[in-house]
Structures are given as structure tokens and as C-alpha cells.
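> Here it is, the structure, as C-alpha cells.
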Amino acid sequence: MKKFCCVVLALLPLTAFAYPIDVQKQLNGMSIDYNAFDTDNDIASIQVNNYGSTDATCKVVFNNGPEAPRTRTVDVPAGKHKNATAKFTRTIIKMRINLSCTPK
């Protein structure tokens, strides 16, 4: 029984798959909200929601640390949402996302 418990406890870290995501935002007074996701162990994504009445252009920079940052630009119409995704070659340990939006 002790061996079985040790095996189960040893396998627990293999099931923990999520990584922390820090989002720094610069919204310039716009009604923008976001949802960040850990899609896979090497893919990060963010959903940008525009609740305002003005179209927005958002620049999203995904930073995984040792790899080069991935930059995505999304145009988010008023009342709509858009997704931005970045794939890395290494497993993500901690994701930092910079979100900056300006009126169109």
C-alpha cells in the first residue's frame, strides 16, 4: 500500500500542466477586457473583448523568457472579441503578456 501511495504522489506533478500567466495592460481609457489561456504546454493565447463603442487596435506581446518575444496585432471591432495565439519551441514555465490597445 505504501508503494502504491508513493507512485500516485510521484505522478501528481505530471498531471499539473498549467503555468502562470502575467498580463500587463495599457488600455488608454478604452473598455477592453481580456481572458488569457494556457492552451498547451508550448502555446499561449489571449482573448481580447471590446465592450466600447469604438474599434480598437491591440498589440499583444507574448514573452516566455529565454525565447524571442512573439508580437501579434489584432483589430477588435466595437462589441466583438478576437483571439491572439503564440507557439513557442520550448515548454512554457511562466508567460508574460503585454497588452496595449489604442482607438482605431
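> Using a Cα-Cα cut-off of under 19 Å, which aspartates and glutamates could be cross-linked to K87, ignoring same-chain neighbours fewer than 8 residues away?
By straight Cα distance, K87 reaches D22, D38, D40, D42, E67.
> Using a simple charge model, +1 on the beta-carbon of Lys and Arg, -1 on the beta-carbon of Asp and Glu, nothing else, what dipole does region 18-103 show about its Cα centre, in debye to the nearest 20? Working shown, then result.
Working: 10 positive and 8 negative charges, 29 e Å.
Dipole about the Cα centre, nearest 20: 140 debye.
> While we're here: What ranking do I46, I21 get, fewest neighbouring Cβ atoms within 10 angstrom at the top?
Ascending Cβ contact count within 10 Å gives the list I21, I46.
> What span do the alpha-carbon atoms of region 12-82 cover on each of the three principal axes, reported in whole Å from largest to smallest?
Principal extents (Cα only, largest first): 46, 25, 16 Å.
> Near the amide H of Y19, under 5 Å away, which other amide H atoms are found, from residues 5 or more places off or on another chain, if H is placed in the peptide plane?
Correct list: empty.
Every number here is computed from the coordinates shown, using simple stated rules; none is lab data. For clarity, every value in this text was computed on a predicted model and none was experimentally measured. FYI the Cβ positions are ideal-geometry reconstructions off the backbone, even for glycines, and counts take in every protein chain you see.
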